[in-house]
């Protein structure tokens, strides 16, 4: 099955307007490291690749959302044998919530988010043309998600169609074609390091049912925030990126608990040991936030679905009540003392 690329969606267009209007804002069981784990942010920033520290400051410049944390923590602690990781970032003022946000989880299909970013960076640099034809090889073909596997080796698709299928239907065969076109696993991981990612690693082709590919809630939310603010690619590629993610067909997790009139550009991940969703929500009140929820679980434990929905819902309701930040105010970047005195909650 082939997906028709229809161009830039309303969400992406709105994102461009918001970014232009607000240039200052660029930028096992029972154990929960809550927002207080952000006391390690200074060390985290100092350890990033050259140039990445400034980028982190541009999207993480606010204060912990402790009032939201008080709502999320009981939900997270209410289900035994599930280990959630949550990172929420208010894109208007830099405020954040972290609950196990720095914990490394299996990435599942959420690894496709940074792969899509790498793809559009290569488009911007002229290494890839959107209309170039990619040929499916026998080694690309895998099962699980996606319909391209049934088309057979030798079938050709445009590069844009392949990248879109990787996200919209989470096509694993398309993903392996994109990895190959980008230059392979090592080239991709080098790109991740250039962006300052320390926990996001591609080790094996998709579907990676063993969960060897990894990331963290904070790194995914941080990456999406930078994309939203136009830091890592051209504006037209940013708009295509978000348009594709808005058309994700699996909408039973984060989107299930956002309000009417809100839009979300997101990507899910689902393997036996891990369920997750990561995206950017654009609310009717004008507020935007990045949110990643990942849940380590007993094999295929369906309770993880409801846990993610509950966290998504309480986050949306909380931010829907909060006043939207002025477009003319940019909070100061965090200092080394920003997280002094914070302690983890067990």
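Every number in this text was worked out from the coordinates using simple rules, so none of it is lab data. Keep in mind that this is a model prediction, so the values were computed, not measured. FYI the Cβ positions are ideal-geometry reconstructions off the backbone, even for glycines, and counts take in every protein chain you see.
Going from the fewest other Cβ atoms within 10 Å to the most, the residues 270, 131 appear in the order 131, 270.
Which shape class applies to region 189-312: rounded if a/c is under 1.5, otherwise prolate when a/b exceeds b/c and oblate if not, where a ≥ b ≥ c are the square roots of the Cα gyration tensor eigenvalues? Here region 189-312 falls in the oblate category. Full extension of the segment from residue 63 to residue 186, taken as 0.36 nm per residue of separation minus the current Cα-Cα distance, would add 40.7 nm. I need the shape label for region 77-183. Rule: rounded when a/c is under 1.5, else prolate if a/b > b/c, else oblate, with a, b, c from the alpha carbon gyration tensor. Because a/c hits 1.5 or more and a/b fails to exceed b/c, region 77-183 counts as oblate. Rounded, prolate or oblate for region 145-262? Axes are the square roots of the Cα gyration tensor eigenvalues, ordered a ≥ b ≥ c, and the cut-off for rounded is a/c under 1.5. Since a/c stays below 1.5, the shape of region 145-262 is classed as rounded.
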